[in-house]
1. Based on this model, can you work out whether residue A:325 counts as surrounded by fewer than 24 Cβ atoms within 10 Å (Cβ to Cβ), in a helix (DSSP H, G or I) and at negative phi?
2. Cβ-Cβ under 7 Å, sequence separation 6+ or interchain: first residue in the range A:653-668 and facing chain B (nearest Cβ under 7 Å), partner basic (Lys, Arg). Which pairs?
3. Please find, within the range A:54-82, the residue that is nearest to residue A:476 (Cα to Cα) out of those that are in contact with an Asp or Glu (Cβ under 9 Å, 6 or more places away or on another chain) and in contact (Cβ under 8 Å) with a residue 60 or more places away in the chain.
4. Taking the stated definitions as given, is residue A:839 out of contact with any Asp or Glu (no Cβ under 9 Å at 6 or more places or on another chain) and more than 30 Å from residue A:290 (Cβ to Cβ)?
5. Within the range B:173-192, work out how many residues are part of a loop (DSSP other than H, G, I, E, B), away from chain A (no Cβ under 14 Å) and under 30 Å from residue A:394 (Cβ atoms).
6. Here's a check for you: in the range A:13-55, which residue that is assigned to a loop (DSSP other than H, G, I, E, B) and within 9 Å of another protein chain (Cβ to nearest Cβ) is nearest to residue A:119 (Cα to Cα)?
7. Since residue A:630 meets every condition but one in (1) more than 8 Å from chain B (Cβ to nearest Cβ); (2) outside any helix (DSSP H, G or I), which condition does it not meet?
8. Would you point out the residue of the range A:86-128, among those that are in contact with a Phe, Trp or Tyr (Cβ under 9 Å, 6 or more places away or on another chain) and free of Cβ contacts under 8 Å to residues at least 12 places away in the same chain, that is surrounded by the most Cβ atoms within 10 Å (Cβ to Cβ)?
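The values are calculated or read from the model by the stated rules, or taken from the named source; none is laboratory data. Just so we're clear, the structure is a prediction, and the values are computed from it rather than from any experiment. Counting neighbours? That spans all protein chains shown, and the Cβs are built from the backbone with ideal geometry, glycine included.
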Amino acid sequence: MPSQIQILNIHSTGREKSLAALFSRKQLANLKITEVYYVSVNLSVKQFTQAGQLLCNPVSQQNLNAKNIIKILSAYGKFKWVIEVRYLPGVTDNVGHTAEEIIRENLKNVKKSLSIGSALLYFLDTKEKNIIDAVAAENSNPLIHGITILSFKDYLKKLRSNKITDFNVKLSQKKYITKKINLNVSQEELHQIGKQGILENNKIRRGPLGLDVASLQAIQAYFNKQKRQSTDVEIETLAQTWSEHCKHKIFSSSIDNIHKGIFNTYIRGATRKIIKKRKDNFCVSLFSDNAGAVSFDNDWLVCHKVETHNTPSALDPFGGAITGIVGVNRDCLGFGKGAKPIANTYAFYFAYPHKNYDLYRQQNKKNPMLPARLIAKGVINGVRVGGNCSGIPTPQGTVYFHDGYAGKPLVFCGTVGLIPRKIKGQLSHLKGAQPGDHVIIVGGRVGKDGIHGATFSSEKLDPNSPVTAVQIGDPITQKKFSDVIIRELREKNLYSSITDNGAGGLSSSVGEMAKESGGFAIDLEKIPLKYEGLYPWEIWISESQERMTLAVHPKNVQKVISIFTQRGVEATSIGKFTKKKKAIVRYNNVDVMNMDMKFLHEGYPKFHLKTSKPSFINIKKSQIKKHSFKKELLTLLASPNICSKEFISTQYDHEVQATSIIKPLQGEGRVFSDATAIKPLFSSNQSLALSQAAFPRYANLDAYKMAACSVDTAVRNLVVLGANIKKIALLDNFCWCSPEEEERLYQLKKAAEACHDYALAYRTPFISGKDSMYNDFSGFDAKNNKIKISIPPTLLISSLGIVKSINDLTSICPSIKDLIYVIGETKEELGGSEYGNMFGYENINVPSVNPKKALKLYNVFSRANKKDLISSAISVHMGGLGVAFSKMAIASQTGMQLDLSRINLFGSANTLFAESQSRMIVSIKPSNKKFFEKLFTRHIINRVGECTSKKKFLCRLSNKDSIQVTVSDLTRAYKGNIKKL
Amino acid sequence: MRALIISGYGINCEDETLHAFTKTGFKGSIVHINDLIDNPETLNQFQIVAFPGGFSYGDDTGSGNAMANKIKNNLFDHLSEFLLKDKLVIGICNGCQILVNLGIVPAINSTTREVALVENDSAVYQCRWINLKVSKNSSPWLTDIKKMHLPVAHQEGKFMVAKSIQGELVRHDLIACQYIDKKGKLAKQIFPHNPNGSDMDIAALTNAKGNVLAMMPHPERALYKTQEPDWLNDNKTGSKHNMSFVFADGYKIFKNAFDYFK
């Protein structure tokens, strides 16, 4: 009986062409990729033929089988080797599931146990092992894929034998329901439990809990008082709930003389002060929900949340990134009564994609880090599939490269949501699970996916990390329940609370929601599973994706479940929220967990952190002897951090929902935008501007100034786009390293202090944030040397601002004859600059920001914009004036004649490339000169030239220095070469 | 006049498609495919059925294939009956892929698949604005439209058409729109003017009767000038103030449908 369906595209596909393009004709002349569907049950010949037809497009495809394969393939090449790439058991196989659904719908009497596993086959006409391995590496990841490489002959044998590798998960019978754990053991044993996990019957430890000895002692004391031993479910739950990922202990602990901790003092502290000073209703829901929200207009709120998914993306870039983006979408769906996601944002921090870092997690070249290029490629693809398949536009993003990300990429994923201020007369941002409400879970089923995910990201990436902790997203399942929640349930007021299932799974989401009612009681056996054999503790903490938890009044339970069912979404009642402040979990009526809610949430030991100022970092200061400013400018424009990211923008759908109004690419020259805007309501002209800023290269020089620059740039980018500075909100995402080092904590404290000072100065509140502390890599190089790579401390400030009317929006494209002005002061500040990075010219003068001056300047700019005096404007940051002028010229494809000699106070290199903050370049129509200059009389502005019809960029710097270059040369450089990932 | 917009299983452009129809005068309803399957006679209340863009079933097993299969099994007779009447159907992007997989377009000889939509030649998703010319055909959707500036956003947008079918398409005037370059000439499969490598630069097809339009570009995303790229610069001489709610090229398609029934 045939057990596999194989499909060939009769034409040469785009995927085949782009894979072939990675190799020369000599290396690999021909290749063919086929799709395979393995069928788990026996089908009759008729059924099999029918199934094959259902999955094959007769116009463009052909069914292959043992009989016809040689003949058909011979038309495409003389294939010698075959690579098969399929998912490992338990990894989400969306294609397989859809194929199964199609077959089931058509073959009515097919067995219930039918399941389909999908795979891809790569037929290659080479014998070269290194080429075959390279093709395999390009298209698979051993963590999630089973990879089989066979000679064509052996493959045919296998095909004829019709033996298929089992792709379904088969777990052995459960040996127990719960384990009693004796914590009255030596400190050494406690350390072992915390570091490597609970000991199983087979003497193997389960994997890291991430609990330190002090925490385990607190648990020991609690259960001694209860006069019983704790269960494994209880310890696993506490490990999740108390994890750094969930409780943010470093941000909340007292530090030096700051008793209330960094978060309360600096971040929330600033926001509280700002709310007091503002006398409006702009701030609505801050730091209390899955996302933070501000007023959009009288009828609508916007919420925003940015998350990171760094460790999962280091292991499985595609899976890590897709679950990152669809995960943060759920934060938005879980905001208040459920906000509709209206925009995604991304910020990627990668190692240089074409550099070979050769890193290993274990000695003797074992367990290698993926190459930087494949990490970048996988992450970019993951966010593409997650965002595009969910129908959420992704207009705003940024990408940055630095060697420090070689051991861990940073993957920031953000979502903006929109929700009516009131739903059925009630404020939509308020919610609360009521005692007696059912706990309803909707979406995907539970498997072993991502077990120990939350504790994992609180641990360094080292040889003992469980590399099985990866997940692959299923955006369509999420889209299905997202539609139900936003379009049907929300307006009917059918649930009292909602939250997403992220890190820590149900243990975290139910535990958090139950604070609203008092406590909870769950019956684990009711939870639908992907496969049998999961232990209760696994069901409870599994991070299987695409799930939400709702609190539903008993009278609405049937209605809610039937609406979900009608839309093809599984929904199940798994227990109740209670008034009693107890956290109870049962499995077939056996209590496997019974703790006080207070202990669950607050029982962890508090600690006090100390910091110490890092010693002065010695900077190599090399002087460039002879400058060629033209060459330097072109080199900088082409450098990975400055060049166009068009290849990402065009693969991220930024037009869906039809809201895009300032796009990620601007002008004829398609310049990558610092800030973008959407117009979320068809009926209103009010728009929402988004931007981001981070300066990782400043961090080790001066963390305070680094954060100041990030806030200033994130705010300025929006002001320049036309946002009202009084309607700007910020998000902070700290990605740090080695928090056990006091110097790193000092940097953290200083950065947070700057966040406080500058947010307060601009009165731009922080509304949400997140931190990720352990972004270090510990491993080995190819020569077995021990290596630790820490990321440069990276603070991403995301900003969102309201643009009152489309009339306020500005473009970065100047018109011919426009006069060009530099607004703001160019100081001696090349420290940490991209120029310094490119040319080894470093000093410690990181840009400093004078917030009072800056704020005044921004207000005057906005006034000029309101009066329609601005023809175009761009914010100046990485790469300085040289890059900013070039971007304007490239975008508009117009020439410029500039004279910067008047502002050349600290040398021509500094003038062109210093990254002094709070600066903008503005172009105006000559007729507006008088008005414009009058508005800025008391501020530092300089008219430096004009736009010309000749497509030449002419820039005089001093008597001896100048640049002459064509706009087409600038454009060519700016297009860069990182697109070949 | 009423337009039915289908939703569910990963379709995601229903809101903006509904807006396009209501803006041109229709009363519109978004109806979940499962509800329509349960009550297929609902179709009788509508003049228009729209299959919006999106990712039904995540494009798994080929874009549009799984949804077409679901429709074929559960709704095909009612849909076919609808097509025989004086009614209009549009499929945009994923909707276009569904219609092509259903064989409703081009439907030269029968309702089996005659053309295919396959992966872009670039192997990469393409979200960008392109230029189209309306080819010789009699579809009421395209009355009086010569050229359009619209966005595309797809991974599998390349029309693959066998040579023999190409001739038939021309003979029966079934090609609705083709990609053109900046000068207005056919793109000749050159990227980015032709964003996916489509045979004959095809961007949209109709059936012989003309009442079904299957198009890869998104007219519902180009209803207003302010949705176009660089609309701020297009208006250099004037001010931005008069740009608000000025219609763009996509509007005309929906307006044509309304005028057809008026």
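1. no
2. A:654/A:663; A:655/B:221; A:658/B:221; A:661/A:679
3. Out of the qualifying residues, it is A:82.
4. For residue A:839, the condition - out of contact with any Asp or Glu (no Cβ under 9 Å at 6 or more places or on another chain) and more than 30 Å from residue A:290 (Cβ to Cβ) - is not met.
5. So the answer is 3.
6. The selected residue is A:55.
7. (2)
8. A:98
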